[in-house]
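Structure, as structure tokens:
The values are calculated or read from the model by the stated rules, or taken from the named source; none is laboratory data. Being a predicted model, the structure only gives us computed values, none of them experimental. Cβ placement follows ideal geometry from the backbone for every residue including glycine, while neighbour counts extend to all protein chains displayed. For the accessible areas, the whole protein counts, side chains as well, though only heavy atoms, and no ligand, DNA or RNA atoms are used. Shrake-Rupley method; radii C 1.70, N 1.55, O 1.52, S 1.80 Å.
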Amino acid sequence: MKLTPLNIVLACFLTWMISEWGNDQLHMSWWWVVIFVIVVVLTDVLFRSFVKDVKKLWYAQMGFILMTSIVVVFLRILGYSGA
């Protein structure tokens with residue numbers, strides 16, 4: 001598997017989850033982690049199948065990560081917690 005922005009995000013997220021697993025402030029169950037990993041892997045595969053140029057792939061995935069981050073921050077500001 002080639003190195004892409006979504007793979008980097010997935011590696012950072014899993015490292016963070018492993019380091020914070022025993023922390024009482026972390027309110028995320030293991031099945032949310034599994035769902036997140038599956039969604040990121042499937043998104044990476046879809047990007048790879050539609051975007052063949054590596055440079056465009058990086059731009060597309062970085063744009064996807066940026067837009068997803070903006071939506072998450074916007075939902076947090078509005079007070080949506082997901083629970």
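Since only Met67, Ser29, Met17 are under comparison, the one whose Cα sits farthest along the positive direction of the charge dipole of the chain, derived from C-beta charges on Lys, Arg, Asp and Glu, is Met67. If every alpha-carbon in the chain counts as one equal scatterer, what log10 I(q)/I(0) does Debye give at q = 0.12, 0.22, 0.24 1/Å? The calculated log intensity ratios at q = 0.12, 0.22, 0.24 Å⁻¹ are -0.43, -1.17, -1.26. The charge dipole of the chain, taken about the Cα centre with unit charges on the Cβ atoms of Lys, Arg (+1) and Asp, Glu (-1), comes to about 420 debye, rounded to the nearest 20. Going by accessible surface with a 1.4 Å probe and the largest first, Phe50, Phe74 read Phe50, Phe74.
Residue order by solvent-accessible surface for Met67, Met28 is Met67, Met28, largest first, with ligands and nucleic acids left out and a 1.4 Å probe.
Across all directions, the average projected area of the convex hull around the alpha carbons of the stretch 44-83 is 3.3 nm². Remark: the stretch 3-83 carries 78 Å² of accessible area per residue (probe radius 1.4 Å; ligands, DNA and RNA excluded).
Heavy atoms only, 1.4 Å probe, whole protein assembly: order Val39, Val33 by accessible area, highest first.
Details: Val39 80, Val33 20 Å².
Accessible-area ranking of Val39, Val33, largest first: Val39, Val33.
Identify the trypsin sites (Lys or Arg not before Pro) of the stretch 14-83 meeting these criteria: DSSP loop state and at most 14 other C-beta atoms within 10 Å of the C-beta. Loop-located and lightly packed - Lys52.
Using just its DSSP H runs of length 4 or more, each adding -39500 (n - 2.57), the chain gives a mean residue ellipticity at 222 nm of -25500 deg cm²/dmol after division by all residues. The mean sequence distance of close C-alpha pairs (under 8 Å, at least 6 residues apart), as a share of the length of the chain, puts its relative contact order at 41 percent.
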